[in-house]
Each structure stands twice: as structure tokens, then as C-alpha cells.
Amino acid sequence: MLELPRKLLEEPFALASDQTPQRYKDFASPDQLGTGVFLQVGASRETLVTFQQNLTYRVCAQQAADMAAFKWVPLQISSYETVVGSRCKLVGEPCVATCDADGCLCNTARQECVDASGNSQLPPNSNVASGELVISYSGR
């Protein structure tokens, strides 16, 4: 029988690329709320960047189980609206593990930075301030 390391048993959600800066993790208490930034990559290499507010780091990481990458930004560092409005310095910029801005993630499969700028499409009647998911599709 295969035995998994204890860390994997305790944190089975650690499959997505966690791009949360260490200083954010160090800053966070278990009940600290923040914004989750999530990256999904489709079969045709299209990317989908989504945001969700009022998550603890642990819940954010759990929700990222089926994602390519995620980042958690504590609300005491940056508001939800600021994270949603944050963009990469240069979309498509080469990356290895992470990108500069809070709303920017490294698509490690293509080794390039992506954000919610591309053909941004908000769901009907969505409101960034309400905490609804903000969705952006990009064919990059």
C-alpha cells in the first residue's frame, strides 16, 4: 500500500500552483479574510481568471483544487476592488512561478503572466463591489 506524506494528507488541495507571496501567508492569521485570485486553463489554452472575496487562506487554497494557479491577498494588504483592478505590468511577460501584481498569475504551462484584462466579460448584473465572481476569458 502506498503511503502518502503527512503534509499531503493534511493539505490535499495543494495541487494548484500557489502563487501567494510568502509575506502574505506570514501576515495571515487563520481567520484573516482576503481575496482569492484563480486561474483556469482550458483544453484550447484559453485562460479564465476569477476573483472571490472574503476567503481565508485555507478556504482559498481548498477552492483552488481544480485550478491551474491561485493567489490569496489579505484584505488588510489590499481591498477586493483593488485586487480585481490590478493588472500585470505586461500580459504575456515570461514567468516561472509567479507574476508581479496581485491580480496577475503565472500560467506555468505556458510560462507567461495572465490577468483579467483580455476580453473581459462580466456576468449580467454583476457588481464588483458586491463580491460576485468576476470572470475574464482570454484566448492567449
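Values in this text are rule-based calculations from the coordinates and carry no lab data. In this text, all values refer to a predicted model and were calculated from it rather than measured experimentally. Don't worry about glycine lacking a Cβ; one is built from the backbone with ideal geometry, like all the others, and counts go over all protein chains shown.
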**Message:** Which order do the peptides 45-56, 90-101 come out in when sorted by mean C-beta neighbours inside 10 angstrom, highest first?
**Reply:** 45-56, 90-101
**Asked** Using a basic spin-label model with each label point 7 Å from the Cα along Cα→Cβ, how many nm lie between D26 and K89?
**Response** 2.2
**Message:** Under the rule of at least 5 residues apart or a separate chain, name every residue whose amide H is placed under 5 Å from the amide H of E112.
**Reply:** C95, N107
